Amino acid sequence: MVLTLHDRITDRVQRPDYQHWRSQVTATRGCAAPIRLSGAWQLHDRHTNTVLAHLGGEVMVPCGNRRASVCQACSDRYAADAFHLLRAGLAGGTKDVPTSVADKPRVFATLTAPSFGAVHNRPTTRSGKARPCTGCGQFHHPDDPRIGGPVGEYDYVGAVLWQAHAGTLWHRFTIALRRHLAHAVGLTAREFGDHARLSYAKVAEYQRRGLVHFHAVIRLDGPEGATDPAPPWATTDLLDEAIRGATRAVTITTCHPDGLVLELQWGRQVDVRAIRSDQADSAALAGYVAKYATKGTGARDTPDRPIRSQLDIDHLPVSAHHRRMVQTAWDLGDLDHYADLNLRKWAHMLGFRGHFLTKSQHYSTTFKRIRDDRRAYRATEALTCLDLTAADVVVVNHWTYTGSGHANDAERELAAAIAERLRAQRKREHTEEEPA
């Protein structure tokens with residue numbers, strides 16, 4: 001007799017250990033691929049070494065993957081952390097960032113990749129009405145798989161090499177931006193740090209053509225960072241002009257495999273918008289930018305894990321365009337000239353080697369502090385239930401890795417249902433908390 005998925009789910013729910021399993025999955029927010037650990041946690045009296053509390057056995061901890069295509073539950077947590085990190089630098093009032101940051105010159109800038117050949121697209125009017133594709137002249141459905149793919153000849157080598165250097169291009173852009181700001185107010189690049197500091201947080205977003213955009217919140221501070229007032233000459237207009245000038249000034253020189261020189265630059269489309277100094281605008285922008293930190297490659301079927309062999313590429317269920325980008329990165333990675341780019345490791349990311357969310361040191365808080373604060377809160381909550389304080393106890397952890405993921409498709413379906421229920425509950429609570 002062949003059991004259906006429904007039969008297997010029913011069987012799992014009826015087992016004696018189901019409630020315990022369910023509580024563990026709920027604690028991970030319905031993680032799709034939890035890490036299973038075996039061991040024990042104990043609280044010892046700091047003075048007598050007496051065991052005050054004990055938890056042993058097998059536990060689950062979240063996988064922590066930021067990509068929604070891998071784990072929606074952990075992706076939601078990452079997005080929430082990213083939101084708080086971004087919002088703290090925009091509006092202040094939390095994470096030791098003063099509210100005065102909202103009064104400083106701030107812009108939301110988008111830097112794009114250049115063109116490596118015409119691609120199918122779906123342009124729209126300001127009202128959202130679709131216009132014909134600029135490449136083929138046809139109207140494309142939003143889900144048309146041709147969108148992002150080339151209309152004719154396409155420089156795949158150039159596209160992958162640009163992608164591989166995008167992080168370096170951003171680094172050089174920030175250096176050029178400081179120089180442009182300094183020269184605009186009569187300072188040398190070396191003197192700029194004595195008068196002002198450039199603070200930013202940026203997120204990479206893949207386009208349908210498989211190349212990244214960078215969305216960045218850029219702020220001008222005093223030399224000490226967020227707590228220091230911006231200098232009198234710092235204005236939003238000055239920042240806007242300097243950003244546009246810096247994007248035009250940055251170039252990285254490399255070459256094609258045949259030795260032909262390749263100049264890597266930003267695309268011509270650079271968007272810079274001033275950020276208003278109000279809480280609602282800052283929260284909305286933080287949410288808008290944070291969502292990009294949890295996206296994958298934009299090629300919806302492109303793998304979220306590294307390519308291990310040519311066989312992996314041959315069996316990828318992706319569009320011909322994205323397969324070609326993966327293949328190009330894989331092939332270039334086999335050439336000594338590009339060894340330092342480590343392209344085979346990043347072939348699944350279409351050559352992009354950077355982090356999806358990065359920030360300058362003084363923009364706001366860090367992911368580590370946000371997570372440490374959450375752990376400290378949970379620890380204090382647990383100690384309060386036992387009528388203890390951190391000064392009274394020593395925490396002893398001893399855990400061993402035993403595996404990852406759920407045991408079968410029935411458990412995966414049940415975990416997905418738990419994740420969806422918790423997600424809907426959080427959304428409902430968030431809606432109720434919003435002012436009318």
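The values are calculated or read from the model by the stated rules, or taken from the named source; none is laboratory data. Everything numeric here is computed off the predicted structure, so don't read it as measured data. When we count neighbours, we look across all protein chains shown, and the Cβ atoms used for this are built from the backbone with ideal geometry, even at glycine.
Annotations for the structure displayed:
- Residue within segment 318-334 that is at pLDDT below 95 and part of a loop (DSSP other than H, G, I, E, B) present: yes
- Subset of segment 81-93 (residues that are within 28 Å of A416 (Cα to Cα) and either buried (at least 22 other Cβ atoms within 10 Å of the Cβ) or without any contact (Cβ under 8 Å) to a residue 24 or more places away in the chain (or both)): A82, L85
A quick yes/no check of all residues on (1) loosely packed, with under 15 Cβ neighbours inside 10 Å; (2) at pLDDT below 90; (3) in the same structural domain as L316 (by TED's automatic domain parsing):
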position: A339; (1), (2), (3): yes, no, yes
position: W346; (1), (2), (3): no, no, yes
position: K359; (1), (2), (3): no, no, yes
position: N397; (1), (2), (3): yes, no, no
position: A415; (1), (2), (3): no, no, no
position: E420; (1), (2), (3): yes, no, no
position: R428; (1), (2), (3): yes, yes, no
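- Residue check, T366 in contact with a strand residue (DSSP E or B) (Cβ under 7 Å, 6 or more places away or on another chain), modelled with pLDDT of 90 or more and hydroxyl-bearing (S, T, Y): no
- Test: residue in segment 178-189 that is in the same structural domain as G267 (by TED's automatic domain parsing), more than 28 Å from the chain's Cα centre (by Cα), on the phi > 0 side of the Ramachandran plot and surrounded by fewer than 14 Cβ atoms within 10 Å (Cβ to Cβ): yes
- On inspection, R209 qualifies as among the charged types (D, E, K, R), crowded, with 24+ Cβ neighbours inside 10 Å and assigned to a loop (DSSP other than H, G, I, E, B).
Yes or no, residue by residue, for (1) aromatic (F, W, Y); (2) outside the structural domain of N397 (by TED's automatic domain parsing); (3) under 22 Å from D387 (Cβ atoms); (4) not in a helix (DSSP H, G or I):
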residue: I9; (1), (2), (3), (4): no, no, no, no
residue: R12; (1), (2), (3), (4): no, no, no, no
residue: H20; (1), (2), (3), (4): no, no, no, no
residue: T26; (1), (2), (3), (4): no, no, no, no
residue: R36; (1), (2), (3), (4): no, no, no, yes
residue: H44; (1), (2), (3), (4): no, no, yes, yes
residue: N49; (1), (2), (3), (4): no, no, yes, yes
residue: L55; (1), (2), (3), (4): no, no, yes, yes
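- Scanning segment 22-68 for residues that are surrounded by fewer than 17 Cβ atoms within 10 Å (Cβ to Cβ) and hydroxyl-bearing (S, T, Y) yields S23, T26, S38, T48, T50.
- In segment 318-337, of all residues being surrounded by fewer than 21 Cβ atoms within 10 Å (Cβ to Cβ) and among the aliphatic types (A, V, I, L, M), the one that is farthest from V119 (Cα to Cα) corresponds to L335.
- Number of the condition not met by A102 [criteria: (1) assigned to a loop (DSSP other than H, G, I, E, B); (2) in contact (Cβ under 8 Å) with a residue 24 or more places away in the chain; (3) not β-branched (V, I, T)]: (1)
- Within segment 223-254, considering residues that are assigned to a strand (DSSP E or B) and at pLDDT 95 or above, the one surrounded by the fewest Cβ atoms within 10 Å (Cβ to Cβ): T253
Quick grid of which residues meet (1) under 22 Å from H47 (Cβ atoms); (2) in contact (Cβ under 8 Å) with a residue 60 or more places away in the chain; (3) basic (K, R):
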position: R374; (1), (2), (3): no, no, yes
position: L388; (1), (2), (3): yes, yes, no
position: V394; (1), (2), (3): yes, yes, no
position: T402; (1), (2), (3): no, yes, no
position: H406; (1), (2), (3): no, yes, no
position: A416; (1), (2), (3): no, yes, no
position: L422; (1), (2), (3): no, yes, no
position: Q425; (1), (2), (3): no, no, no
